[in-house]
Amino acid sequence: MDDVITLSSDDSDVEIVGSFKTEPLPLASVRIDVDAVKVNVPPIDLEDEGLGTPEVLCRQSLSLVYSTIDENYPEGTLQLLSDLLQPGFYPPRDITTHLLRSILLDPQCPSHLCVQAFNLLMRTQRHHMADKTTVAWDWELLTSVVVSQDGIKRHRCEVVRMLLEYVVQTLEDDFQAKRSVSALHQSVAKATLSCDQQFSQVKDVIKWLFSAIMKSTEHGDSRKSARERDEQIRMVSIFQRMLSLALEVDRSPALSSAKLSQELFHMLISNMPLRAHRMLLLESLQSNLLRCKLLEHLLDYACPQKISVPMSLSLLLHFMKNCTLAPDPMDGTERWQRWEELVHLLWMLLLSYNKAMKGYLCSSVTEQRVGTLVYKPDDKVSKPAIREAVEAFLSRSQADLGQTLPLHVEESLTYLQDHLVAVCQC
């Protein structure tokens, strides 16, 4: 009869059972008893594997957590929750609310604890997406935190950014989940960012966006100033994500984009005289349809000759022939820069309009048909018309400057002409 030997190690949880005879056996003859192999395996993410519905942590397992909350001991609260929070389980709403309101947003809380609270909030969101009934924030809270940045009671810039990241993550996750089952009317985004039902709150987002843009260009050479500018840039991106949701959550993005672009346009001409502000706003927009609408408003505003032509390639050529942008206070003697800006705006208009022509941004997200072309009669422009518009642009710029444009600006205009010709031949 074979002898049996058990091999174990103090440094490992692996136990192997093998059989041998008194004479050495070839390696292929060694038998591994699979049932006797014990390995510590990380818990399976039930959501990722689709093996079950996440469950709320029971109050018994959270008893120590509640004790640390009662004793106002955030370090203990965060450590215990970090240990308890595993895939397939999530904390109840009151715990999430405490993480958000009493730790992350506590002005006296040390930065490293705020970061831990934020990370736990994002982990909770991954394990169990918040919806209208479980979301831990509301519009009043969001408003109070963002508005306080311009008052005496201020939160640290990075704390505001972390709050906004968490808010947008809950909005986007719920939006995608509701869209997949055609239930956007039940989403958190619909309840908070609908252009049809909550446009005053959408206007709040636009105000916050403009404030963040202005702050992101403030001067200051200290490391703290540079860090705050970086945080403001990140907030600009977050507010733009919120505007994208506002555009898509209703059934008519075309109507929503008209309302949003009008509001953005009026805010822009009222509050942002510098090119740096305008370009940051335009380049950070995440919706091609919205960027196209806003550029149409801006270029029409800069065009002394108005024509009753809808957005089209014909209108773009009209802007090229007639628009003159106001000088930027930062240009100094380099007056050619406003003509360079105009070329850049025309490029942006053409590219965003090409995207909008595909049709997939002009219908609701539940009815999108990618690839449908929606060209209009006014999009049929000839090569001579394109050449005439380019020559008019060069003539007007030379008359304004008393000299030709810098070579790189003329090259950009030439590339624009070539691209227009290519588009019209498609």
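The values are calculated or read from the model by the stated rules, or taken from the named source; none is laboratory data. Just so we're clear, the structure is a prediction, and the values are computed from it rather than from any experiment. Cβ atoms come from the backbone with ideal geometry, glycine included; neighbour counts cover every protein chain shown. These area figures cover heavy atoms from the full protein model, side chains too; ligands, DNA and RNA do not enter into them. Shrake-Rupley method; radii C 1.70, N 1.55, O 1.52, S 1.80 Å.
Things to note:
- Residue check for Asp106: farther than 29 Å from Met214 by Cα and either surrounded by fewer than 17 Cβ atoms within 10 Å (Cβ to Cβ) or acidic (Asp, Glu) (or both): no
- Check on His297, in contact with a helix residue (DSSP H, G or I) (Cβ under 9 Å, 6 or more places away or on another chain), under 22 Å from Glu263 (Cβ atoms) and open to solvent by 10 Å² or more (accessible area, probe 1.4 Å): yes
- When Glu47 is tested against the conditions (1) surrounded by 16 or more Cβ atoms within 10 Å (Cβ to Cβ); (2) in contact with a Ser or Thr (Cβ under 6 Å, 6 or more places away or on another chain); (3) modelled with pLDDT under 90, the lone failure is (2).
- Matching residues, region 198-249, being among the hydroxyl-bearing types (Ser, Thr, Tyr) and closer than 16 Å to Leu282 by Cα: Ser211, Ser216, Thr217, Ser237, Ser244
- Pairs are defined by a Cβ separation below 7 Å, a sequence spacing of at least 6 or placement on different chains, a first member in region 191-209 that is closer than 15 Å to Leu164 by Cα and crowded, with 22+ Cβ neighbours inside 10 Å, and a second member that is among the basic types (Lys, Arg) and at pLDDT 95 or above; no pair meets this definition.
- Scan region 109-119 for residues that are of a type in the set (A, V, I, L, M) and crowded, with 20+ Cβ neighbours inside 10 Å and the total you get is 1.
- From the list Val145, Val135, the one residue that fits, being surrounded by 18 or more Cβ atoms within 10 Å (Cβ to Cβ) and in a helix (DSSP H, G or I), is Val145.
- Top-ranked residue in region 178-190 [being open to solvent by 20 Å² or more (accessible area, probe 1.4 Å) and not charged (D, E, K, R); ranked as nearest to Leu264 (Cα to Cα)]: His185
- Which listed residue, of Ala136, Ala183, Ala177, Ala130, is among the small types (Gly, Ala, Ser) and in contact with a Leu (Cβ under 7 Å, 6 or more places away or on another chain): Ala136
- First in region 215-244 and in contact (Cβ under 8 Å) with a residue 24 or more places away in the chain and under 21 Å from Gln201 (Cβ atoms), second anywhere and in a helix (DSSP H, G or I) and open to solvent by 60 Å² or more (accessible area, probe 1.4 Å), Cβ under 7 Å, 6 or more apart: none
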